[in-house]
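A short worksheet on the structure shown next.
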Amino acid sequence: MAGITLITGGCRSGKSRFALTHAASFTGNKYFLATSPVLDEEMEERILKHKKERNESEWETLEEETDLSGCFQNSAFLSSSVVVIDCLSLWVNNLLYQAEKEKRMISELEIENRCKQLLLSIRTSSVGKVIFVTNEVGLGLVPETKLGRIYRDLLGICNQTIASDSETVFFLVSGIPLLIREKSTNKGIC
């Protein structure tokens, strides 16, 4: 059963860099599961910068914008590997965008169920460690638009669902990781 870590914090707080450093402390093949679509030149430059931060000889990059569960169900990863999923914030954005294109709304219950399915897919896979990266968007101002408030709420539900099933949760502030949860995996030891 895979060990799960959630890394959350504000934008540009050092979450991705910390996720890669944390992942390097585990043995196994390294996979980077990217959720970001290439929307424009600036985004393409950001993606290239992130790729350069990873040692490409050590990391294999996979890109999936919406079907994260399928990556684990279809054995995209080798046994006992380490997978960094960067990031849940864009995943929820992509799901919201997809629903909008289909002229439907995505509910909090649907996001919660998708997160639970993703966690189940991970827990039943042969992956050794999964590290999620996400943004903590509920610490700022209330979004001005209805869609912005819906996104904030959906991401909040996603983060809560993933965090509730994570053994380890870090909060990043100005590049400094704060350990906010660490469940013991030792059974039968007092």
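The values are calculated or read from the model by the stated rules, or taken from the named source; none is laboratory data. The structure displayed is predicted, hence computed values, not measured ones. Ideal geometry is used to build each Cβ from the backbone, glycine not excepted, and the neighbour counts take in all protein chains shown. All accessible areas refer to the heavy atoms of the entire protein, side chains included, with ligands and DNA or RNA removed. Shrake-Rupley method; radii C 1.70, N 1.55, O 1.52, S 1.80 Å.
Look through 90, 118, 139 and report the one residue that is in contact (Cβ under 8 Å) with a residue 40 or more places away in the chain and either in contact with a helix residue (DSSP H, G or I) (Cβ under 6 Å, 6 or more places away or on another chain) or open to solvent by less than 20 Å² (accessible area, probe 1.4 Å) (or both).
118
Checking residue 147 against (1) open to solvent by 50 Å² or more (accessible area, probe 1.4 Å); (2) over 27 Å from residue 107 (Cβ atoms), which single condition isn't satisfied?
(2)
Name, by its number, the condition in (1) open to solvent by 40 Å² or more (accessible area, probe 1.4 Å); (2) farther than 22 Å from residue 100 by Cβ; (3) in contact with a Leu (Cβ under 7 Å, 6 or more places away or on another chain) that does not hold for residue 132.
Unmet for residue 132, out of (1) open to solvent by 40 Å² or more (accessible area, probe 1.4 Å); (2) farther than 22 Å from residue 100 by Cβ; (3) in contact with a Leu (Cβ under 7 Å, 6 or more places away or on another chain): (1).
Taking segment 1-22, which residues are assigned to a helix (DSSP H, G or I) and either open to solvent by 60 Å² or more (accessible area, probe 1.4 Å) or modelled with pLDDT of 95 or more (or both)?
Passing the criteria: 15, 17, 18, 19, 21, 22.
Can you find even one residue in segment 158-166 that is out of contact with any Gly (no Cβ under 6 Å at 6 or more places or on another chain), surrounded by 11 or more Cβ atoms within 10 Å (Cβ to Cβ), modelled with pLDDT of 95 or more and farther than 27 Å from residue 77 by Cα?
No.
Answer yes if at least one residue in segment 43-51 is at pLDDT 85 or above and assigned to a helix (DSSP H, G or I), and no otherwise.
Among the residues of segment 43-51, not one is at pLDDT 85 or above and assigned to a helix (DSSP H, G or I), which makes the answer no.
What number of residues within segment 53-77 are part of a loop (DSSP other than H, G, I, E, B) and modelled with pLDDT of 90 or more? Show your work before the answer.
We begin by selecting, within segment 53-77, every residue part of a loop (DSSP other than H, G, I, E, B); these are 54-58, 64-67, 74-77.
Now drop any that are not modelled with pLDDT of 90 or more, which leaves 64-67.
Residues meeting the conditions: 4.
Against the definition (more than 18 Å from residue 8 (Cβ to Cβ), modelled with pLDDT of 95 or more and not small (Gly, Ala, Ser)), how does residue 129 come out, yes or no?
No; evaluated as a whole, the condition is false for this residue.
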